[in-house]
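Working notes, structure below.
The values are calculated or read from the model by the stated rules, or taken from the named source; none is laboratory data. Source: prediction; values computed, not measured. Neighbour counts are summed over all protein chains in view; Cβ atoms, including those assigned to glycine, are modelled from backbone coordinates with ideal geometry. For accessibility, only protein heavy atoms count, side chains too; no ligands or nucleic acids. Shrake-Rupley method; radii C 1.70, N 1.55, O 1.52, S 1.80 Å.
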Amino acid sequence: MSKKFYLTTPIYYVNARPHIGHAYTTIACDTIARRQRMLGADTFFLTGTDEHGQKIERAAEAAGKTPQEFADEVSAQFRTLWNRMGITYDDFIRTTEDRHKKRVHELFRQIRDNGHIYKGTYTGQYCVFDELYVDAVGPGAPCPECGRPTETVKEENYFFKLSAFADRLMQLYTEQPDFIRPETRRNEVMSFVRGGLRDLSISRSTFSWGIPVPDDPKHVIYVWLDALANYITAIGYGSSHKGAQEAFQKYWPADLHMIGKEIVRFHCVYWPAFLMAAELPLPKSIVAHGWLLFEESKMSKSRGNIVRAETILDVLGADALRYFLLREVVFGQDGSFSFDALVQRYNADLANGLGNLASRTLTMITRYFRGEVPYPSATVSQKAGDSAIAETARKVIAEYSSLVDQYQFSRALEVAWSLVAAVDKYIVENEPWALAENQSEESRSRLATILYTSAEALRIVTALVHPVIPDATAKIWAQLGLGDIRRFPLPDLKWGQLQLSTKLGNVEPVFPRADKTAIERMQKMEDQLRSGTTVTQAEPETQSPAAPVATHAAVAPAAKPAVVVPDGKITIDDFAKVELRVGQVKVAEKVKGADKLLRLEVDLGTEVRQVVAGIAESYAPELLVGRKVVIVANLAPRKLRGLESNGMIVAASPEGGKAVLASFLEDVPVGTRLK
Ligand code: ME8
């Protein structure tokens with residue numbers, strides 16, 4: 001029987017549309033899944049969406065939708081994107097599906113029946129952004145994880161006896177050092193557990209968007225218990241169907257949960273403890289990668305610094321994004337994204353590197369050998385350079401495989417490209433085009449050897465990196481006349497398998513060079529998305545004279561209207577581009593060294609934003625805490641005195657007088673849009 005390999009991405013929250021941070025994890029997993037299939041493993045690759053909890057409920061409310069409608073829309077955006085990118089997931093789980101809900105009930109019951117759940121009262125702070133109970137003290141205290149203000153929760157809850165599992169968890173980390181990778185994350189987790197574990201509240205009763213607790217539907221199950229369970233519910237845990245039970249037997253435990261570093265605690269402490277409590281086997285390994293940064297901070301919706309995958313797909317294609325992310329970012333560490341670096345890598349490594357090697361090698365075989373792979377003469381025409389390429393290729397196969405199996409994608413690709421560079425040099429040094437001008441038997445034989453050697457090296461790189469850049473390598477493989485690359489058994493890969501007289505397919509370039517406008521085009525697409533504009537041509541800069549005066553020292557360029565009405569008026573569509581929302585000030589404080597500035601943390605329902613506003617002369621900070629204000633929510637972030645300002649607070653600024661914040665006479669829910 002073949003080996004199985006079960007791997008998962010986190011299931012992504014549906015409070016915001018996907019960006020390339022989500023794509024990064026999904027691409028890494030897709031690469032591993034494709035490689036495992038080529039290695040012959042019975043592979044199961046799971047992804048999906050996390051749809052319950054207070055954060056989603058609030059996001060839906062702010063969008064004027066029911067949580068289910070909202071979740072349906074955003075979940076579909078994730079799925080559509082993965083389909084467009086050719087992600088080869090085997091299942092896409094949604095936590096609002098019946099199959100999941102029923103099986104989560106089973107898990108809850110099993111843990112309860114095993115005696116690990118009791119009822120108690122929780123009083124403390126909760127961070128809605130992280131959906132995390134925190135140890136912070138006092139109303140509005142900042143979350144130790146993300147710094148956002150926490151909310152006080154006082155509820156009767158069900159508790160999970162997490163504290164009882166500390167010793168077993170420590171034993172797990174010690175006995176299985178590979179359970180958490182990389183080492184830095186393992187150390188963090190171990191010191192967290194060593195610091196003492198408190199029992200965990202695993203239900204909420206003050207909102208209803210979740211899976212009801214079995215036999216006590218006033219409570220909903222804590223969203224992280226619900227979400228983590230997806231890894232077993234999707235493959236049939238708790239099902240009464242025979243097929244589902246067999247799938248669970250076959251695939252569980254997972255071979256790999258791939259996650260971002262911010263959710264290590266949930267996966268490496270809570271999840272194994274839940275499984276121990278349910279007496280289920282534990283996953284074999286959890287690998288946490290670093291963050292994709294953009295403009296120096298973590299790419300995330302709440303910071304407004306996201307780049308969408310679609311933009312890159314439109315301009316350069318999925319392979320470019322996949323290659324860039326895996327090559328540029330050292331796996332496990334944070335890495336920066338920039339359009340400049342993307343295009344530079346694309347041109348250097350893909351267009352001029354692999355693409356050029358493929359097209360020059362295959363074009364010469366087509367031209368000089370009528371499109372059939374020539375065979376190297378074993379005696380007459382062998383030179384040291386030929387066997388050096390074969391030797392390099394052998395080394396590359398071994399090193400690449402070992403690095404990629406340790407998820408060192410960047411180093412693995414560097415190694416693979418060392419073969420591309422070696423063959424390039426070999427071709428330049430041997431000048432096959434010059435040999436082709438001479439019809440002597442010796443020249444023909446030498447030419448055959450050089451082109452065979454180049455084509456064979458090309459075949460080897462192509463097979464190795466297929467899981468990383470599947471589209472282009474499938475094309476090169478077909479151009480090499482080798483059929484369907486997905487069926488190629490990687491364990492068999494070795495030098496010399498390219499058969500004499502293999503008939504090449506049609507030779508076409510796979511990576512056209514990106515010109516200078518590629519960067520501009522991508523940047524413009526993202527700017528337009530951020531400002532809410534979708535038209536493509538440049539528009540004149542205008543600002544609405546009717547707009548309320550904004551007392552925001554970090555005024556970003558206003559959203560540009562698509563249609564400018566001659567007398568300076570704007571259309572309703574123009575106005576709709578400005579996203580005005582009700583926010584509530586959670587924290588207000590003076591900015592050191594700036595008399596006019598206040599640093600505010602404003603809750604927008606779905607997230608808490610830091611806004612730096614020029615209202616210090618009008619308002620004492622303590623008067624602002626708890627106050628509802630109007631925020632321009634879709635302004636591009638700006639830095640002021642080193643602080644990032646994400647949005648703008650709206651106020652009237654009378655001539656010569658003090659600013660007066662826009663506010664409401666009636667109570668309005670936080671997050672409501674003004675329109
Ligand atoms: O945490 N850089 O969902 P989420 C790298 N629903 N990876 C990033 C990233 C960035 N800037 N931004 C997002 C949740 N990611 C929970 C998970 S699992 C049982 C529940 C990736 O939508 C990365 O994998 O906030 C990160 O862990 C995940 O998206 C968080 O997605």
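Suppose the filter is within 13 Å of the ligand (Cβ to nearest atom) and open to solvent by less than 10 Å² (accessible area, probe 1.4 Å); does Ile286 pass it? Answer is yes for this residue. Within the range 235-264, restricting attention to residues that are outside any strand (DSSP E or B) and within 11 Å of the ligand (Cβ to nearest atom), the residue that is nearest to His289 (Cα to Cα) is Lys261. For the range 306-350, a residue qualifies if it is more than 20 Å from the chain's Cα centre (by Cα), surrounded by fewer than 20 Cβ atoms within 10 Å (Cβ to Cβ) and of a type in the set (A, V, I, L, M), and exactly one does: Ala348. Within the range 435-454, if we keep just the residues that are of a type in the set (Gly, Ala, Ser) and not in a helix (DSSP H, G or I), the residue that is surrounded by the fewest Cβ atoms within 10 Å (Cβ to Cβ) turns out to be Ser440.
For the condition assigned to a helix (DSSP H, G or I), more than 10 Å from the ligand (Cβ to nearest atom) and without any contact (Cβ under 8 Å) to a residue 12 or more places away in the chain, Ala59 does not qualify. Condition check: of a type outside the set (Gly, Ala, Ser), open to solvent by 50 Å² or more (accessible area, probe 1.4 Å) and more than 16 Å from Ile11 (Cβ to Cβ). Does Thr31 satisfy that? Taking the combined requirement at face value, the residue does not satisfy it.
This table checks each residue for (1) within 22 Å of Ile56 (Cβ to Cβ); (2) charged (D, E, K, R); (3) at pLDDT 85 or above.
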site: Lys590; (1), (2), (3): no, yes, yes
site: Lys596; (1), (2), (3): no, yes, yes
site: Leu604; (1), (2), (3): yes, no, yes
site: Ser618; (1), (2), (3): no, no, yes
site: Glu622; (1), (2), (3): no, yes, yes
site: Val625; (1), (2), (3): no, no, yes
site: Pro637; (1), (2), (3): no, no, no
site: Ile649; (1), (2), (3): no, no, yes
site: Gly656; (1), (2), (3): no, no, no
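The numbered conditions (1) open to solvent by less than 20 Å² (accessible area, probe 1.4 Å); (2) within 12 Å of the ligand (Cβ to nearest atom); (3) under 15 Å from Ile87 (Cα atoms) are all true for His22 except (1).
Selection of the range 147-164 for residues being open to solvent by 10 Å² or more (accessible area, probe 1.4 Å) and modelled with pLDDT of 95 or more yields Tyr158, Phe159, Lys161, Ser163, Ala164.
Let's see how each residue does on (1) more than 9 Å from the ligand (Cβ to nearest atom); (2) crowded, with 24+ Cβ neighbours inside 10 Å; (3) small (Gly, Ala, Ser):
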| site | (1), (2), (3) |
| --- | --- |
| Thr8 | no, yes, no |
| Ile11 | no, yes, no |
| Ala16 | no, no, yes |
| Arg35 | yes, no, no |
| Leu39 | yes, no, no |
| Phe44 | yes, no, no |
| Thr49 | no, yes, no |
| His52 | yes, yes, no |
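It is to be established whether one or more residues within the range 353-366 are within 25 Å of Thr449 (Cα to Cα), in a helix (DSSP H, G or I), over 35 Å from the mean Cα position of the chain (by Cα) and without any contact (Cβ under 8 Å) to a residue 40 or more places away in the chain. No, that holds for no residue.
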